[in-house]
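See structure below.
The values are calculated or read from the model by the stated rules, or taken from the named source; none is laboratory data. Predicted model, so just to flag it, every value in this text is computed and none were measured. Glycine also receives a Cβ, built like all others from the backbone with ideal geometry; neighbour counts cover every protein chain displayed. The protein model used for the area step is the full one, side chains on, heavy atoms only, and it has no ligands, DNA or RNA in it. Shrake-Rupley method; radii C 1.70, N 1.55, O 1.52, S 1.80 Å.
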Amino acid sequence: MKLIFEKSQAGRRAGTLPSYDLPPTDVPEELRRGEPPRLPELAEPEIVRHFTALADRTFGVDTGFYPLGSCTMKHNPRVNERVVALPGFRDLHPLQEEDGAQGAFELMWRLQEILAEVCGLHAVSLQPAAGSQGELTGLMLMRAYFADRGEAEQRKVVITADTAHGTNPASVTMAGFELKKVETDARGNLDLDDLRAKVNEETAGLMLTNPSTLGLFDEHIEEVAEIFHGAGALLYYDGANLNAVCGISRPGDMGFDIVHINLHKTFSQPHGGGGPGGGPVAVRDILEPFLPAPTVMRDGEDFRLDYDRPKSIGKVRGYTGPFGVFVRSYAFIRAYGPELRRMSEVAVLNANYMLSRLSGTYDLPFERLCMHEFVLSARNLKRDYGVNALDVAKRLMDYGFHPPTIYFPLIVPEALMIEPTETEPKETLDAFCNAMEKIAEEAASDPELLKEAPHRRPVRRLDEVKAAKRAIVKYGFDQHPDLRGERAEGETVEAQKGA
Amino acid sequence: MRYLSLTDSDQEAMLAAIGVSSIDELFQDIPGEVRFDRPLDLEPALSEQELVAHFEDLAGRNAHTGRELSFLGAGIYDHYVPAIVDAILARGEFLTAYTPYQPEMSQGVLQAIFEYQTVICELTGMDVSNASGYDGTTVAADTCYVAKHATGRTKVVLAEALNPQVRQVVKTYAPGFGLEVVEVPHTEGITDPDDVRKAAEEAACVIFQQPNFFGCLEPAPELAAVANDAGALAVAHVDPVSLGVLEAPGRYGCAIAIGEGQGAGNYQSYGGPHYGFIAMRSDYIRRMPGRIVGETTDTAGERGYVLTLQTREQHIRREKATSNITTNQTLLALAGLAHLSWLGPQGLRELGETCMSLVAYAKDRLGLPLLFPERTTFKEFAVRAGCPAEEAIRTAREQGVHPGYALKRDYSGMEDALLVCVTEKRSPADIDRLAEVLGA
C-alpha cells in the first residue's frame, strides 16, 4: 500500500479557508519559512480512500476478540462517542471562567466521587494523562509525603514485584527512587520472607497490582500491607487489573494508600491505536494535601477549581487532565450504576471458563482459580515440537483473532497472557479455545505452518532487525530507500510483548 | 446489562465447566477481611436515553464557543476541524485498536503513525519524531530528561515567555530528575538572547516558545545560537499551525522541537485529550521517549511497518528506559495527520497568513493600547483593557463575547492585560463585535 505522500500530486488540496479580503502582513525575513513543509497534496476523495484503506488493515475490538492480558480490551460503547461530541463538552475552552464551565466541573467532581468509592479511598486527582503518568504522580506523592515528615533523605527505595509491568520500574527511575524487586512464590503470591528481608527504614513503598499480572489475587495482601505500614512505608496500587475486583474488593481496604486507575482499561475509554488514556490517582486522606493542583471541589450548589494547595506536588499535565476521557468513563459507569460489580464478576467468569478449557492443552504455571486473566505457557509445545509462544500468536491471526500478550510476565517461559474481559460472548470464548487446541495439534503435525504464520494478514512476519538497523523513521521523498531488494536480517530483536 | 452478552444458561454451563457452583466461589482466594460486602454507593443505572439526557444537561451548562463568541487562546485554540477528521476518527478500527505490538494486525495504525512522524519532521525540520507524547506540557519535561542524559548537566533554562502550564509541569518533574530549573524573564514581551547567554552556562537545555505565550515572535535563531554556544541543547516549543509561515526550528540550530498539537486537528474539549509532539536531530534518536515506527520488509519482501528501537522503551528496558510512557495519544495524532493532509502546504501557509492578517485588523479596530507595541505577533496579542482584566471579561461575557485571557493569572504587573487570540474562525465582523463590547 502506498504512503499518503506517494499519492500526492502538486497543486491538489482538500481544504480551503474563508477569504476575508484583508491586506497581507509580513513575517520578518530572519524568522520567515524558507522551504515549505512537504505535507500531502490530495483532494478530499483520495484522503478519505487512503484512511479507509488504512482502517481496513487495522484490527480493533470492533473487529474481533482481542485478549491482551492486563489491557482490558472490552467493548467501547457507542453512546460514549455521542456524548463526548456534545458541543458543550467538545467546544469548551479549558481557560473558560468557572461560571462558564459548571457542567464540566460537576462531571469531574462526580467522577472523582465514584473513583474514590470504587477504590475505597478519600481524594482523587483526575490530572494524569495515562497509567504511567499516574504511577509517576503516585511516586511524587510518596516523595512529598516523606519530605513533609522530614524523611526525604531516608526513604530512597521503592519495591516492585518481579511480575511487574515494565512501567513500574521505569516510573521508579523517573521519580528519582532506587529500585528493589521482590520475588513471587510457587503459589503466585509475593514471597513474604523475601519481602521481610527487603523492607526496612529506607523503604518508601511498594508498587503492586492485585490481582497480579499472573491473574492471581495475593492471598496475603493484608500481611503485605502490615509489613510496609509497620516500616513506615506506603503502598501503591497499579490499577491495570482493577477490572477483576470492582465492587468485590477495594484497593483501599486491601491496605493501599495510593491507586492509579486506567480509564482506558477498566472504564472503556477506547485505546485509539495506542492512546489516549487517563490515569487518575486516588489517595488516602494523609496524602490529599500533596495532590496535583487544581482539584475540583464542591461548594454548595456550585463547583470550583481549588488552586490554593500549598503542599501540592505541582502540575503533571495541562489544565485539569484529559477531559474527553472523563466524559466517556463517567458515561460507562452511569450505564452500570451499582451493577458495576457484575462487570467484574463476568470478567472473572469468562477468564476461568477459558482457563478450564485450555489447561489440558497448554502448560499451567499455577494451580489456582484465576481472576480476570490467566497465564499459560507454551513450553510444552516448544519442548516437543520446537514451536514457541510467538508462533502460536502468529497462527492465531489466521483464525481471525488478535493474539494474547506473549512473553510476559517475565517469570513464565513462553508465556501467553489471556484476558477476555466481560463483554465477550461464550461462543467467542469457545471459538478462541477451539483455535488454541487446533494450533496445538498443528504444532505436532505441521510445525512449519506455524513458523511461517500468519498466512492471511496484509503482511507476513516482519523483519524487525532490519527495521532497527536501518532506522527509517520517516518518508525520505526522493531519497527514500527501497528496502524490498535487500537481504533479510531476522525477525525478532527481543522477545515480543503485547501489554 | 446491555454491554454483557452473558445469559443465565451461559453462566450455568460455564460454572459447570469450571467446576464451581456459584460466581462467588470464583473469588474464594480473596480474604474475607478485604471483601467488599455492601453494594457500591453509586447512583442507579441509566438507560441509554436517560444517559444522553443527563449528559445534555451537563453540557448545556457550559459556555462553549457555539454560545459565546470567543477570543480565548493561550495555548488551546479554536481552529476549524474539518469533517474528514471526524469521519476518520469514527472508524472503529482506529478507535478500538490497541498499541500495534503485533504489527501484522495493525499495519494501518503503524503506517498512519509513520506518516504522522514524517509530517512532524517536515514541519519542524527534524530527523525523527516519536508517535506522540501526552500533551504540550509533558513533552517539555520529557525533553529535559533527554537533555540531562545527553549532556550530563543538571540545569534547565526556561523562558518566562514559555506557556506557564508548561513551566509548571517541568518544575513538577524536575526534582525527580535531579534538575535545577532557571527561568529567564521576558523583556517587553520577548526573550533577550543576552539574558539567556548568562543562564545557559552549564545548562542541559534552553527551552523557548515560538510564537511565545504573548503571541510575540521571539528572536529564535539567536536564542538557539546562545544555547548552542553554551553547549546546551536548543529547544523550541512551537505552534504547528505557525509552521507554514515561520521557519522550522531544525533550520535555525535547534536540537529538539516540541509543542502542543491540539491546534492541528483536535477540538478544544476542555483541555484534552490532545497530543504533544517531540522531534529531534538524529543524534538523539536513541534517547527519544515513547514509540517510534520504522519501515521494513516482510518474509515475502513486501514493505511493512513496525515499532522499532524498542530497546529504549519500558517493556524491554524497564528501569533503564528512556521514559515510562506506554499509552500515548495516537488517535489524536492521527487527527493531526488528517488535518494537516487536508490543509496541505498551501493551506497551512494560508492559515498562518489569515491569522496574521486578522490580528492586524483586530489591533487596529480595537484601538486599545498594545502591551508590547514593538513586537511582531502571530495569532495572539496582548492589549490593555483600561480596567482590571476580570472586569473587562465579565462585562464582555454579559454581552456574549469572551474577549481573551487575563494574563494577570500568570504574570505580575499585568492587572489590565488581555491576551486576545484571533484564528481563522473569527471574521472581521466578529472582531468588530469585540471592539464594540470592549467599548473601544
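Annotation: for a label point projected 7 angstrom from Cα along Cα→Cβ of residue A:32, residues of region B:207-246 with backbone N closer than 13 Å are B:245-246. Centroid-to-centroid, using Cα positions, region B:216-295 and region A:68-144 are 28 Å apart.
Using the 1.4 Å probe convention, the accessible area of the protein assembly as shown works out to 32 Å² per residue with neighbouring protein chains retained.
Taking Cα atoms, how many degrees apart are the long axis of helix B:330-366 and the longest axis of chain B, rounded to 10 and kept between 0 and 90? That works out to roughly 30 degrees. Give me the angle, in degrees from 0 to 90, between the Cα long axis of helix B:428-437 and the longest principal axis of the Cα atoms of chain B, rounded to the nearest 10. Its long axis makes an angle of about 80 degrees. Contact-buried residues of region B:91-107, at a threshold of 40 Å² lost accessible area versus the chain by itself: B:91, B:93, B:94, B:95, B:96, B:97, B:98, B:101, B:102, B:104, B:105, B:107 (1.4 Å probe; DNA, RNA and ligands ignored). Short version: which residues of region B:258-272 lose at least 40 Å² of accessible area, all chains versus chain alone, 1.4 Å probe? Output list: B:267, B:268, B:269, B:270, B:271. Remark: the residue A:488-residue A:21 segment gains 162.4 nm on full extension, using 0.36 nm per residue and subtracting the alpha carbon distance. Over chain B, Cα pairs under 8 Å with separation of 6+ residues give a relative contact order of 19 percent. Site pair residue A:178 and residue B:188 shows an inter-label distance of 5.4 nm when each label is modelled 7 Å from Cα along Cα→Cβ. Go ahead and run the numbers for FRET between residue B:300 and residue A:309, Cβ-Cβ distance against an R0 of 56 Å, rounding to 0.05. After rounding to 0.05, the efficiency reads 0.45. What is the interface area between chains B and A, defined as buried accessible area summed over both chains with a 1.4 Å probe, reported in Å² to the nearest 100? The buried area between B and A, both sides summed, comes to about 17300 Å². Sort region B:244-378 into rounded, prolate or oblate with this rule: let a ≥ b ≥ c be the square roots of the eigenvalues of the Cα gyration tensor; rounded if a/c is under 1.5, and if a/c is not under 1.5, prolate when a/b is larger than b/c, oblate otherwise. Here region B:244-378 falls in the prolate category.
Restricting region A:87-174 to trypsin sites (Lys or Arg not before Pro) that sit in a DSSP loop and have at most 16 other Cβ atoms within 10 Å of their own Cβ leaves A:149, A:156. Selection among B:372, B:316, B:301 by position relative to the dipole of region B:265-424 gives B:316 as farthest towards the positive end (Cβ unit charges, Cα centre).
What separates the Cα centres of region B:68-102 and region A:330-370 is a distance of 33 Å. Applying the criteria of a DSSP loop state and at most 16 other Cβ atoms within 10 Å to the GluC sites (Glu not before Pro) of region A:384-484 yields A:452.
Loop-resident GluC sites (Glu not before Pro) (DSSP state other than H, G, I, E or B) in region B:143-232 with no more than 14 further Cβ atoms inside 10 Å of their Cβ: B:188, B:201, B:202.
Judged by the ratio a/c of the largest to the smallest principal axis of the C-alpha gyration tensor, region A:347-427 counts as oblate, that ratio being 1.5 or greater while a/b is no larger than b/c.
Straight-distance candidates among the aspartates and glutamates for linking to residue B:155, with alpha-carbon spacing under 12 Å and chain neighbours fewer than 8 residues away dropped: B:180, B:183, B:201, B:202.
The relative contact order of chain A, computed from alpha carbon pairs under 8 Å that lie at least 6 residues apart in sequence, is 18 percent.
Would region A:400-499 count as rounded, prolate or oblate if I go by the C-alpha gyration tensor, calling it rounded below 1.5 in a/c and otherwise prolate when a/b exceeds b/c, oblate otherwise?
Values: a/c = 2.08, a/b = 1.88, b/c = 1.10.
Since a/c reaches 1.5 and a/b is larger than b/c, the shape of region A:400-499 is classed as prolate.
In region A:131-175, comparing the full protein assembly with the chain on its own, the residues that lose 20 Å² or more of accessible surface at a 1.4 Å probe are A:132, A:133, A:136, A:140, A:143, A:166, A:167, A:169, A:170, A:173, A:174. Look at where the Cα atoms of region B:183-206 and of region A:383-423 average out, and the two centres are 53 Å apart.
In the assembled protein chains, residue B:326 presents an accessible area of approximately 20 Å² (probe radius 1.4 Å). Surface composition of the protein assembly as shown: carbon and sulfur atoms hold 45% of the protein heavy-atom accessible area at a 1.4 Å probe.
Taking 22 Å as the straight-line reach from the Cα of residue A:426, the lysines in range (excluding those fewer than 8 positions away in the same chain) are A:74, A:265, A:438. Spin-label model, residue B:50/residue B:427: points 7 Å from Cα along the beta carbon direction are separated by 4.4 nm.
Between the helical axis of B:8-18 and the longest alpha-carbon principal axis of chain B there is an angle of about 70 degrees.
Placing pseudo-labels 7 Å out from each Cα toward the beta carbon at residue A:229 and residue B:286 gives an inter-label distance of 4.7 nm. The calculated FRET efficiency for the pair residue B:43 and residue A:427, based on their C-beta separation and a Förster distance of 30 Å, comes to about 0.35. Rolling a 1.4 Å probe over the protein chains gives residue B:387 an accessible area of about 40 Å².
Across region B:20-27, coupling constants 3J(HN,Hα) worked out from phi with the 6.51/-1.76/1.60 Karplus curve, θ = phi - 60°, read 10, 9, 8, 4, 3, 5, 5, 9 Hz, and Gly and Pro carry x.
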